[in-house]
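First up is the structure itself, then whatever we jot down about it.
The values are calculated or read from the model by the stated rules, or taken from the named source; none is laboratory data. Predicted, not measured: the structure shown is a model, and the values here were computed from it. Cβ atoms come from the backbone with ideal geometry, glycine included; neighbour counts cover every protein chain shown. All accessible areas refer to the heavy atoms of the entire protein, side chains included, with ligands and DNA or RNA removed. Shrake-Rupley method; radii C 1.70, N 1.55, O 1.52, S 1.80 Å.
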Amino acid sequence: MASGIVRARGSGAQTVYENLRQSILDMTLQPGSPLDEMSLSERYEMSRTPIREALVRLSAEGLVTTLPNRNTIVSAIDFVQLPTYFEALTLMYRVTTRSAAVHRQKSQLSVIRSRHLAYAAAVENRDALGMIQSNRDFHVAIAEAGGNPYYTGFFTRLLDEGRRILRLYYQSFDDKLPRQYVDEHEQMVLAIEAGDADLADRLSAEHASQIVRQIQTYIARDTSTSITLI
């Protein structure tokens with residue numbers, strides 16, 4: 001069995017999925033890395049069926065790609081499409097945060113704040129994967145409080161697609177994220193709690209803007225990166 005991996009009976013596909021997903025998201029497995037079913041089967045000491053099931057799940061999330069020759073690789077990051085991705089992401093930051101300030105319920109405010117605290121703890125611990133997950137959960141909770149399931153579904157998809165981009169974002173700070181970004185989340189929470197839609201809109205727009213600028217600057221200066229472009 002792969003070092004450090006313990007699995008319960010019948011949980012093989014979940015084990016492989018979680019392990020590979022983490023390696024892809026933290027960039028241990030770089031874009032373009034091959035994922036051979038036979039090699040993975042040997043590594044995890046299980047049949048190829050659960051391996052294939054795990055790869056199908058990762059493919060559905062856009063993290064792996066099956067080539068015409070049926071080989072599977074870690075999906076490339078499409079930097080060419082980043083401007084349009086950022087445009088959509090910024091719009092959804094604004095519309096979901098504004099909507100949450102108008103429609104939020106008391107119980108939803110509790111969820112938003114608890115996820116904000118989880119993000120703050122991950123930042124304090126320099127836990128990059130924890131930051132990625134808790135940031136996603138925080139913004140999904142805000143979208144859910146807005147009450148529009150179409151917005152929630154689309155924003156969730158954008159956040160999931162951007163997880164590796166967010167990994168680059170944290171990497172640009174050497175995973176030591178300035179307290180400023182936790183404070184920006186706090187300000188958005190306060191605006192939502194106060195029901196101030198205009199302030200929530202402005203704060204979320206500013207928050208998205210600085211994230212986009214930081215990622216663009218990092219990518220532009222890191223010309224020696226080995227990340228695969230398409």
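Got the relative contact order for the chain handy, in percent, Cα pairs under 8 Å and 6 or more residues apart?
Details: 278 pairs, mean separation 57.6, N = 230.
Computed value for the chain: 25 percent relative contact order.
Taking the Cα centre as origin and putting +1 on Lys and Arg beta-carbons and -1 on Asp and Glu beta-carbons, what dipole magnitude results for the chain, to the nearest 20 debye? Write down the numbers at each step before the final one.
On the way: 25 positive and 27 negative charges, 73 e Å.
Rounded to the nearest 20 debye, it is 340 debye.
Where in region 49-104 are there trypsin sites (Lys or Arg not before Pro) that are in a DSSP coil and have at most 16 other Cβ atoms within 10 angstrom of their Cβ? The partial results should precede the final answer.
Working: sites: ARG52, ARG57, ARG70, ARG94, ARG98, ARG104; in loops: ARG70, ARG104.
In loop regions of region 49-104 (DSSP not H, G, I, E or B), the sparsely surrounded trypsin sites (Lys or Arg not before Pro) are ARG70.
Set the Förster distance to 30 Å, then compute FRET efficiency between ASP183 and PHE79 from the Cβ-Cβ distance, nearest 0.05. Present the calculation step by step, with values, prior to reporting the outcome.
Working: r = 29 Å, r/R0 = 0.98.
Step by step, r from the Cβ atoms, then E = 0.55.
So if we plug the beta-carbon distance of GLU18 and ASP198 into 1/(1 + (r/R0)^6) with R0 = 45 Å, what FRET efficiency do we get, rounded to 0.05? Before the final figure, lay out each step's value.
Values: r = 41 Å, r/R0 = 0.92.
The formula returns an efficiency of 0.60 here.
For ARG48, put the label point 7 Å out on the Cα→Cβ axis and report which residues of region 15-32 keep their amide N under 20 Å from it.
Flagged as within label range: 15-17, 20.
Using only Cα atoms and rounding to the nearest 10 degrees, what angle (0 to 90) does helix 128-146 make with the longest principal axis of the chain?
Taking the Cα atoms of the chain, the angle to 128-146 is about 50 degrees.
Within the set of other residues whose C-beta is less than 12 Å from the C-beta of TYR170, count the net charge using Lys and Arg as +1 and Asp and Glu as -1.
Working: positive: ARG126, ARG163, ARG164, ARG167, LYS176; negative: ASP26, ASP127, ASP174, ASP175.
That works out to +1.
Work out the FRET efficiency for SER11 and TYR150 from their Cβ-Cβ distance, taking R0 = 30 Å, and round it to the nearest 0.05. Mind showing how you got there, number by number?
Working: r = 34 Å, r/R0 = 1.13.
It comes to 0.35.
Between ASP36 and ARG70, what is the label-point separation in nm under the 7 Å Cα-to-beta-carbon projection?
1.5 nm
Ignoring ligands, DNA and RNA, what percent of the 1.4 Å accessible area of region 22-95 is carbon and sulfur?
Looking at region 22-95 in its full context, I get 53 percent from C and S.
Leaving out ligands and nucleic acids, note down the accessible area per residue over region 79-225 with a 1.4 angstrom probe, in whole Å².
48 Å²
What's the angle, to the nearest 10 degrees (0 to 90), between helix 82-103's Cα axis and the longest principal axis of the chain?
So the inclination is approximately 50 degrees.
Among ILE165, HIS207, LEU25, whose Cα sits farthest toward the positive end of the charge dipole of the chain (+1 at Cβ of Lys/Arg, -1 at Cβ of Asp/Glu, about the Cα centre)?
Towards the positive end, the residue furthest out is LEU25.
Note down the net charge around ARG98, summing +1 for each Lys or Arg and -1 for each Asp or Glu among other residues with Cβ under 9 Å from its Cβ. Don't skip to the end; give the middle numbers.
Working: positive: ARG94; negative: ASP198, ASP201.
Summing Lys and Arg as +1 and Asp and Glu as -1 gives -1.
Given a 1.4 angstrom probe, I'd like the percentage of the accessible area of region 122-170 that is carbon and sulfur, rounded to a whole number.
On the way: 890 of 1920 Å².
Within region 122-170, the accessible surface is 46 percent carbon and sulfur.
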